[in-house]
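Notes to accompany the following structure.
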Amino acid sequence: MLNFLRPTLLTAALALTGLSAHAADLPGQGVKVLPLKSSIAEETFQTLLVMKALEKLGYDVQPIQEVEYPTAHVAIANGDATFMADHWNPQHADYFKNAGGEAKLYRKGVFSGNAAQGYLIDKKTADQYKITRIDQLKDPAIAKIFDNNGDGKADLTGCTPGWGCEAMIEHQLDAYQLRDTVTHNQGTYSALMADTITRYKAGKPILYYTWTPYWVSNELKPGKDVVWLEVPFSSLPGAQKGLDTKLPNGKNYGFVVNSQHIVANQAWAQANPAAAKLFEVMQLPVGDINAQNHLMSQGQNQPADIERHVNGWIKAHQATFDDWIAQAKAAAK
């Protein structure tokens, strides 16, 4: 009986040794992670990619909790959550500062760059009435072209409260003297935008705010279907006050080109150097986010679809993904 057990015990001992070595190689073993994201469904893609990388490091990653940006920054700063993968800089500069800044929040590296945003109208109307700037809507006759409800004012499909862009639009309505001729329509952005696209397909003039990366610019292609409107001068509120929004090509669409960052709890990041390094080195091309977001707009928007998209991205960029993991593990030693 003892002879029978010896190989089994030896096998078990070797297996346990292997497990111990494996566990030692996983710096996140036994550490819980709580990810946050906003109500923008399309941000699930980049959030899930970070989660899968953390799981590869052994972290116990919990399901995503959904809260809007201001609350998310405070929750992460207070240690009630671990990270978010969609902090916009400088758009969320006030949220970052109000939550405690770098003393409370960790922000290193750029997860995704070149995020543009601004106001657009359909190209047909732009060409017909020679509209190139948002302040042309000060003219009641021009504004009335974009009136959807008969009140004589242009209807701007705007930004959901709590996203940060709504504060900039509200500021610019005053700065460009548009308050009397433009209505900033706010609500569920995806629903408002679906209605805007329906109007466009019916041949009606449209005026809307959007950003990249997002699926809207795949549906309404700038330069072909729609055109960006310039602003008369740079004017932003809060922490962005005084920033020049003019692009290198001389165009000024009124918004600073943003970078998206992974923001984490500062104390947690210091205690978890592997995760901190991962957050710093991960990079996702804006075009890849656009492409995935477009798939979601075409109906591939269920959790299983997004999971498949993330797994597909990792497989297509396996060497890059593996390098992130290797750098993260090295930082823990």
Filtered residue count, region 59-68, keeping only those that are under 22 Å from K277 (Cβ atoms) and either loosely packed, with under 14 Cβ neighbours inside 10 Å or among the charged types (D, E, K, R) (or both): 2
query: Quick one: F146 ticks every box in (1) over 22 Å from the mean Cα position of the chain (by Cα); (2) touching a residue at least 40 places away in the same chain (Cβ under 8 Å); (3) within 29 Å of H92 (Cα to Cα) bar one, so which box is it?
result: (3)
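Please find, among R179, R199, the residue that is of a type outside the set (F, W, Y) and outside any helix (DSSP H, G or I). If you could, list the steps in order and put the result at the bottom.
Numbers: R199 fails: outside any helix (DSSP H, G or I).
One residue alone meets the criteria, R179.
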- prompt: Before we move on, is E170 at pLDDT below 95 and either surrounded by 18 or more Cβ atoms within 10 Å (Cβ to Cβ) or under 18 Å from P237 (Cα atoms) (or both)?
  reply: no
query: Is one or more of the residues making up region 108-121 more than 22 Å from the chain's Cα centre (by Cα), over 17 Å from E219 (Cβ atoms) and of a type in the set (S, T, Y)?
result: no
query: Within region 69-99, can you find the residues that are in contact with a helix residue (DSSP H, G or I) (Cβ under 9 Å, 6 or more places away or on another chain) and either part of a strand (DSSP E or B) or surrounded by fewer than 16 Cβ atoms within 10 Å (Cβ to Cβ) (or both)?
result: G79, D80, F83, M84, A85, D86, H87, W88, N89, K97, N98
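Please find, among Q298, Q283, the residue that is under 14 Å from V50 (Cβ atoms) and surrounded by fewer than 20 Cβ atoms within 10 Å (Cβ to Cβ). Spell out the reasoning first.
Numbers: Q298 fails: under 14 Å from V50 (Cβ atoms).
Of Q298, Q283, the one residue that is under 14 Å from V50 (Cβ atoms) and surrounded by fewer than 20 Cβ atoms within 10 Å (Cβ to Cβ) is Q283.
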Residue tally, condition of a type in the set (S, T, N, Q), more than 22 Å from E219 (Cα to Cα) and touching a residue at least 40 places away in the same chain (Cβ under 8 Å), over region 154-196: 3
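Out of the residues in region 182-196 that are at negative phi and assigned to a loop (DSSP other than H, G, I, E, B), state the one that is surrounded by the most Cβ atoms within 10 Å (Cβ to Cβ).
Taking region 182-196 first, the residues at negative phi are 182-186, 188-196.
Retained after the next criterion (residues that are assigned to a loop (DSSP other than H, G, I, E, B)): 186, 188.
On the way: Q186: 17, T188: 10.
So, considering only residues that are at negative phi and assigned to a loop (DSSP other than H, G, I, E, B), the one surrounded by the most Cβ atoms within 10 Å (Cβ to Cβ) is Q186.
The values are calculated or read from the model by the stated rules, or taken from the named source; none is laboratory data. What you see is a predicted model, and the numbers here were worked out from it, not measured in a lab. Backbone-built Cβ (ideal geometry, glycine too); neighbour counts: all protein chains shown.
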